[in-house]
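Following: one structure in structure tokens, then a few remarks.
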Amino acid sequence: MSKAIRSKKEAAEDVVKTLLQWIVVSGLSFLYWMAMLLLASLFLMNVWHTNFDEILRYGIILTVITAVIYGIMLIRRKLK
């Protein structure tokens, strides 16, 4: 196998690894945000009147923000 083909293959594997890493971290951040929001709703039961749909919506919004910031960090790390 030539060096050019091997280099392209390694670059493709690197992209796939980075993408899988981003997906796993995004999934874990969703679990984290949902756990924190559910705990907050439990502790603030008399103050924060919410339902599960709102908590799910807040969790998704916070996960998207986290995923975008993490994606930017990964891209910056690859460009350096």
(request) Give me the number: length gained by fully extending SER2 to LEU28, i.e. 0.36 nm times residue separation minus the C-alpha to C-alpha distance, one decimal in nm. (result) 5.5 nm
(message) Using the Karplus curve 6.51 cos²θ - 1.76 cosθ + 1.60 with θ = phi - 60°, what ³J(HN,Hα) values do you get for each residue of the stretch 65-71, in whole Hz, with x for Gly and Pro?
(response) 4, 4, 5, 5, 5, 5, x
(message) Below 15 angstrom from the Cβ of GLU13, what's the summed charge of the other residues (Lys, Arg +1; Asp, Glu -1)?
(response) +3
(message) Could you work out [θ]222 nm for the chain from helices alone, using -39500 (n - 2.57) per DSSP H run of at least four and dividing by all its residues? Round to the nearest 500 deg cm²/dmol.
(response) -31500 deg cm²/dmol
(message) At 0.36 nm per residue, and after removing the present C-alpha to C-alpha distance, how many nm does the segment from ALA11 to LEU44 gain when stretched out fully?
(response) 7.0 nm
(request) For the chain, would you read off the P(r) tail past 17 Å as a percentage of all alpha carbon pairs? (result) 58 percent
(request) Would you tally the net charge around ILE69, using a Cβ to Cβ cut-off of less than 15 Å, leaving ILE69 out, and scoring K and R as +1, D and E as -1? (result) +2
(message) Once you keep just the Cα pairs under 8 angstrom separated by 6 or more residues, what percentage relative contact order results for the chain?
(response) 39 percent
(request) Return the FRET efficiency for the residue pair LEU56, LEU79: r is the Cβ-Cβ distance, R0 is 41 Å, and the value is rounded to the nearest 0.05. (result) 0.75
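Read-outs throughout are calculated quantities, based only on the coordinates presented, and are distinct from any laboratory measurement. Because the structure is predicted, anything quoted here is derived from the model rather than measured. Here the Cβ is made from the backbone with ideal geometry for all residues, glycine too, and neighbour counts use every protein chain on show.
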